[in-house]
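In what follows, a structure is listed as structure tokens, so that the remarks can point back to it.
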Amino acid sequence: MKTGAEIIAEERQRQIAVEGWTAEHDDTHEGGELALAALGYCFHAAMQTTAEDEGMGVETDYRPDWWPFERRLWKPSASRVRNLAIAGALIAAEIDRLQRAEKSEVAP
């Protein structure tokens, strides 16, 4: 069985290879959008857990009002693990973006 870190790394690679969300693209999101998007997927996974515990379902079409991107980019899964993997990959992308920004600010 793969670890959570492995699943997240695979999702990040998928985002780059399939979706085209490269480092250059990520660098255009300076307003915390990647972190907000990660929060959206994490929130959705948490809602799925709560709903399941209460014997209810969660609509995958529900999108938080604060979702930072176009509606068509909201693609939650029925799988909590998948939603958490997407969230984790978005967090990794934001960390990488912040580190690149910090490095460019310090560079001579």
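The values are calculated or read from the model by the stated rules, or taken from the named source; none is laboratory data. Computed from a prediction, not measured in an experiment: that's the story for all the values here. So basically every Cβ, Gly included, is an ideal-geometry build from the backbone, and we count neighbours across all protein chains shown. In case anyone asks, the SASA skips ligands and DNA or RNA and just uses the protein heavy atoms, side chains included. Shrake-Rupley method; radii C 1.70, N 1.55, O 1.52, S 1.80 Å.
Among L84, L98, which is open to solvent by 20 Å² or more (accessible area, probe 1.4 Å) and touching a helix residue (DSSP H, G or I) at 6+ places or on another chain (Cβ under 6 Å)?
L84
Could you give me the residue pairs with C-beta distances under 8 Å whose first residue belongs to region 12-36 and is within 12 Å of D96 (Cβ to Cβ) and in a helix (DSSP H, G or I), whose second residue is open to solvent by less than 70 Å² (accessible area, probe 1.4 Å) and of a type in the set (S, T, Y) wherever it lies, and which are 6+ apart or on separate chains?
I16/T22
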